[in-house]
Amino acid sequence: MLKRAKALFAGTLTTLTGVSTASQADEVSTRQLNMTQGITEVSQAAYDIHMLMMWVCVVIGAVVFGFMIYVMFAHRKSRGVKAANFHEHIGVELAWTIVPALILIVIAFPATNALLKVYDASDAEMDIKITGYQWKWQYEYLGEDVRFMSSLRTSQDEIYGREEKGEHYLREVDNPLVIPANTKVRFLLTGNDVIHSWWVPDLGVKKDALPGIFTEAWAKTSEVGVYVGECAELCGKDHAFMPIVVEVKPKEEFNTWLAEQKASAAEYASTIGKEWSMDELMERGEKVYTTNCAGCHGIDGLGIPGVFPSMVGTEVTMGPIEKHIDVIVNGVNGTAMQAFAAQLSEVDIAAVVTYERNAWGNDLGDMAQPIDVLNHKNGQ
Amino acid sequence: MAHGPAKGIGRWLFTTNHKDIGTLYLWFSFAMFLLGGFFAMVIRAELFQPGMQLIRPEFFNQMTTMHGVIMVFGAIMPAFVGLANWMIPLMIGAPDMALPRMNNLSFWILPFAFLTLASTLFMEGGAPNFGWTFYAPLSTKYAPESVNYFIFSMHIMGASSIMGSINIIATIMNMRAPGMTYMKMPLFVWTWLITAFLLVAVMPVLAGAVTMMLMDINFGTSFFDAAGGGDPVLFQHIFWFFGHPEVYIIILPAFGVVSAIIPAFSRKPLFGYASMVYATAAIAFLSFIVWAHHMFTVGMPIAGELYFMYATMLIAVPTGVKVFNWITTMYKGALTFETPMLFSIAFVILFTFGGFTGLMLSVAAADIQYHDSYFVVAHFHYVMVAGAVFSGTAAVYYWLPKWCGKMYNETMGQVQFWIAFVGFNITFMPQHFLGLAGMPRRYADYGLQFADWNMVSSIGAFMYGAAQLLFLYNVIATIRNGKPVSDNKVWEGAEGLEWEVPTPAPYHTFATPPQIK
């Protein structure tokens, strides 16, 4: 505790002296007290106007509270003062109406300029579509044929204290968003189910991802590195468990990465036709289930009574396999069960169907092959 | 004519007496305050350390929702309606409220609204879990079944508020004693008159919003569903058109209370009475035209964003006028610091602090970093708790001797004040840092970088919670065995008609209207 108190104190000093750099944000530090300056023009503009406003408030506050404290000491009855009886004065009353109004007019200029910067998404060199799902993000590089989901990597064991929390607790995802440095990237945001909000403080981006509507934001930075963000709009149970990780890479490295993504997408296409064994499907299925399904239906498949249905010995998992595939591909309308067709590959859907039919004592012994899932999708 | 209260439970069930109904409102709101406070303790206990220890995320969301709804609609609003019932007739020299039977009805439907709401905690699927702002589609397509009960209880609360407001407006407009012109009314009466108009204007908007939800959920409409031609952002516009005036509905009566207490303990008339009235009206007007500053990240066009930013900044002007007036009232007074005065001074300081962060939030470019973070949580607790709750506490201590004819324990009151003041700041000051460092609100769990300040904040919250139990004890002890007071004027510097009736205030007052010079 004492150590912590010291760290807090040191943190206060750092903030007060203004010695704080973006690289500190990468380490797990409890010292940050102030808004980040971030790594983009927008985050810097937000920081500058924030500091301006803060100092204006500090100065006004010092004058007002200072006067108030003086009054509380000087005009106490216990000092034997006699109360005056004045109760109006047109001059001061006009002054303290007009002066604050003038201060606000002066502040309005930098505030307007900063906002114009935030809104200037013109001339973007690259578009990335971001879709908020309950409770993960999907990134799609428009025109590049690259699309993937990004979910929390922290295990349930760490969250529920059965395992020690790692250094990057709740700040880690399986597939981070990768963007190139020195490139103006435009983000097009939308939501799949409820409203989410994509917030990366260091990029100076917070924009709501609304179902059925597109919003836009942008970022351009020269600072390579890893930056962490969060979902900022209450989106249900796992609102706190859908972090954002953004990797800024130098342009050449980014191009290599993008080419790899395209190649693995092509390679994947060839695996759809392959016959998968039970063990292969079960192994992959467990992983897919843990990342995508366990959040609601539980690691043990029991769900939450009245909210999320159990999958142990129940209708869908024990019924006809076509129906089971259909529920996962298309979701269940009017419930929280989403359509996973756009989120999971055919292999993953086949694996998770197989897993659900053979885990927790369901032991049906049947399997779904990726080709079955593909046929189901095409059959509609 | 002069008869006392009826005997037994019937006195409370069938009463049309403004003092009885005021008392009912006050006790009801305090019960709700303890319930909402208990939910807050659950929230802070879970957030004491990173990781999920006590509850699960879905229950955490129910706690934040119920805490917000109960504190806003169950604790703060009824508390000020209770004060209005007790004090407005006494302050304007009226024998009772203008519509006594409706007064009874508007109180007695409230317990049912909140029983309905609280019962959702025990329903399959759990209580509402979509936040007190209940944004669609989380509150429609993705809501638990209990949302229908939530909608129903919102309707009842709204009906109660509208009836209460109509009653207050009718009372103030028709029942002032001869000579009590509008510009002679105490500021508490003025702020309530304006608040009542705000309520009548916006509660139907809330009713409209929840009715549209009801239709979307049960009858296949798509007001808030883009897939059916609706718009989820429409919900937010409607909600905040109600929601922003709502925060002034909460704070304006608090202004009125403080404007009565500060002059009393400064032994000096309120400075700038007329400008206080105009500032209140200006704030009420502005409250209608700034709602979308709650929606700066929703993707509004820049023109809209600029307009809402400028309009919001303007609120600082009339609010500043009020603060300057209070401080100038104290200037060259003869100050003493009894419990009501301590809470009122803390109100001025902490509310102003919340005003500063409000001004910062109004700047849309910086708001991209503040929005939906703990900075916002800190901001609105500075204005709601240190604002409304501190002023409500001050009001109870100030008028309690008049109500029950007994003096509270001053030492205990001051001890409560300091625990509450220190606890409050330990709770909410660090939340500014958490928000600026990037912690979003309504998070059941957080990364390790936020661990220290969350722990500090939780410790402060338990302190603040303990202070409320002391408050409850002090009030009950006063009513039971407080030292009797018999002076009409309990406080040396207090002014107003309420101090001219005997102490304790008899069951019927001003049967013959007083003459105001």
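Values quoted throughout were computed directly from the atomic coordinates according to the rules given, and no laboratory measurement underlies them. This is a predicted model, so every value here is computed, not measured. Counting neighbours? That spans all protein chains shown, and the Cβs are built from the backbone with ideal geometry, glycine included.
Principal-axis analysis of the Cα atoms of chain A puts helix A:2-17 at an angle of about 70° to the longest axis.
Only counting other Cβ atoms within 10 Å, I'd like A:HIS376, A:HIS168 sorted with the fewest neighbours first. Kindly include the intermediate steps, with their values, before the conclusion.
Details: A:HIS376 21, A:HIS168 18.
Lowest to highest Cβ neighbour count: A:HIS168, A:HIS376.
For the range B:103-128 versus the range A:53-93, the spacing of their alpha-carbon centroids is 45 Å. For a test of the definition: using alpha carbon positions, the gyration tensor, and the 1.5 limit on a/c, classify the range A:90-129 as rounded, prolate or oblate. Since a/c reaches 1.5 and a/b is larger than b/c, the shape of the range A:90-129 is classed as prolate. What aspartates and glutamates does A:LYS77 reach when the alpha-carbon gap must be under 20 Å and sequence neighbours fewer than 8 apart in one chain are set aside? By straight Cα distance, A:LYS77 reaches B:GLU338, B:GLU410, B:GLU492, B:GLU495. Non-local lysine pairs in the range B:10-499, meaning eight or more places apart or on different chains, with alpha-carbon distances under 19 Å, amount to 13. Structure remark: mean-square fluctuation, Gaussian network model of chain A, C-alpha springs under 10 Å; the largest value among A:LYS82, A:LYS237, A:LYS249 belongs to A:LYS82. The GNM of chain A, with springs linking C-alpha atoms under 10 angstrom apart, assigns the highest mean-square fluctuation among A:PHE241, A:PHE86, A:PHE67 to A:PHE86. Pairwise inverse Cα distances across the range B:108-176, averaged and inverted, put the Kirkwood hydrodynamic radius at 13.5 Å. For the protein assembly as shown, pairs of C-alpha atoms spaced more than 48 angstrom apart make up 26 percent of the total.
Annotation for the range B:389-418 versus the range A:139-176: alpha-carbon center distance of 52 Å. A straight Cα-to-Cα reach below 27 Å connects A:LYS287 with the lysines A:LYS129, A:LYS136, A:LYS165, A:LYS237, A:LYS262, A:LYS274, A:LYS323, A:LYS377, residues fewer than 8 places away in its own chain not being considered. For chain B, the share of alpha carbon pairs falling in successive 10 Å distance bins from zero is 4, 19, 30, 28, 14, 5, 0 percent.
Within chain B, the whole DSSP H helices whose Cα atoms reach 20 Å or more along their own axis and whose mean Kyte-Doolittle score is at least 1.6 are B:187-218, B:339-362.
With both bridge residues required to lie in chain A, what share of the DSSP beta bridges run antiparallel, to the nearest 5%? Walk me through the numbers on the way to the answer.
Values: 30 of 42 bridges.
Rounded to the nearest five, the antiparallel share is 70 percent.
Using bins of 10 Å that start at zero, the share of Cα-Cα pairs per bin across the range A:275-378 amounts to 16, 55, 27, 2, in whole %.
Reported to the nearest whole Å, the Cα centre-to-centre distance from the range A:319-351 to the range A:204-275 is 23. The distance between label points at A:ARG162 and B:VAL485 comes to 6.0 nm (points 7 Å beyond Cα on the Cα→Cβ vector). Extending 7 Å from Cα along the Cβ direction at A:MET51 and again at A:TYR70 yields two label points whose distance is 3.0 nm.
Classify the range A:35-119: rounded, prolate or oblate, from the alpha-carbon gyration tensor (a ≥ b ≥ c, eigenvalue square roots; a/c under 1.5 rounded; otherwise prolate if a/b is larger than b/c)? All intermediate terms of the calculation are to be shown ahead of the outcome.
Numbers: a/c = 7.55, a/b = 2.24, b/c = 3.36.
Here the range A:35-119 falls in the oblate category.
Rounded to the nearest 5, the antiparallel percentage of DSSP beta bridges internal to the protein assembly as shown is 70%. About its Cα centre, the protein assembly as shown has a charge dipole of approximately 5020 debye under the convention of +1 per Lys or Arg Cβ and -1 per Asp or Glu Cβ, with nothing else charged. The relative contact order of chain A, computed from alpha carbon pairs under 8 Å that lie at least 6 residues apart in sequence, is 13 percent. Modelled label positions at A:GLU260 and A:LYS377, each set 7 Å beyond Cα in the direction of Cβ, lie 2.4 nm from each other. When the charge dipole of the protein assembly as shown is built from unit charges on Cβ atoms (+1 for Lys and Arg, -1 for Asp and Glu) and taken about the Cα centre, the candidate among A:VAL353, A:TYR70, A:HIS239 whose Cα reaches farthest toward its positive end is A:TYR70.
When a footprinting reagent is the concern and you count Cβ atoms within 10 Å, what order do B:VAL321, A:VAL106, A:VAL332 take, fewest first? Don't skip to the end; give the middle numbers.
Values: B:VAL321 22, A:VAL106 10, A:VAL332 14.
Sorted ascending by nearby Cβ count, the order is A:VAL106, A:VAL332, B:VAL321.
Pairwise inverse Cα distances across the range B:351-408, averaged and inverted, put the Kirkwood hydrodynamic radius at 13.1 Å. Its Cα gyration tensor gives chain A an equivalent ellipsoid; the semi-axes, largest first and in whole Å, are 52, 26, 21.
Run the helix sum for the protein assembly as shown: -39,500 (n - 2.57) per DSSP H stretch of 4+ residues, divided by residue count, reported at 222 nm to the nearest 500 deg cm²/dmol. Don't skip to the end; give the middle numbers.
Working: 29 runs with 494 residues, N = 897.
Helix contribution divided over all residues of the protein assembly as shown: -18500 deg cm²/dmol.
Extension gain, B:THR336 to B:VAL422: 0.36 nm times the residue separation minus the Cα-Cα distance gives 28.9 nm. Within the listed set A:HIS324, A:HIS89, A:HIS196, the Gaussian network model of chain A (springs between alpha-carbon atoms below 10 Å) gives the highest mean-square fluctuation for A:HIS89. Short-range pairs are left out: with C-alpha atoms under 8 Å and at least six residues apart, the relative contact order of the range A:275-378 is 31 percent.
Exposure proxy shown here: for A:GLU280, B:GLU124, the number of other Cβ atoms within 10 Å sets the order, fewest to most, as B:GLU124, A:GLU280. Over the Cα atoms of the range A:122-251, the radius of gyration divided by the Kirkwood radius equals 0.97; this is the Rg/Rh ratio.
A cut-off of 5 Å between modelled amide H atoms, ignoring neighbours fewer than 5 places along the same chain, links A:VAL245 with A:LEU177, A:GLY229. Using C-alpha pairs under 8 Å with a sequence gap of at least 6, the mean separation divided by the residue count of the range B:166-320 gives a relative contact order of 25 percent.
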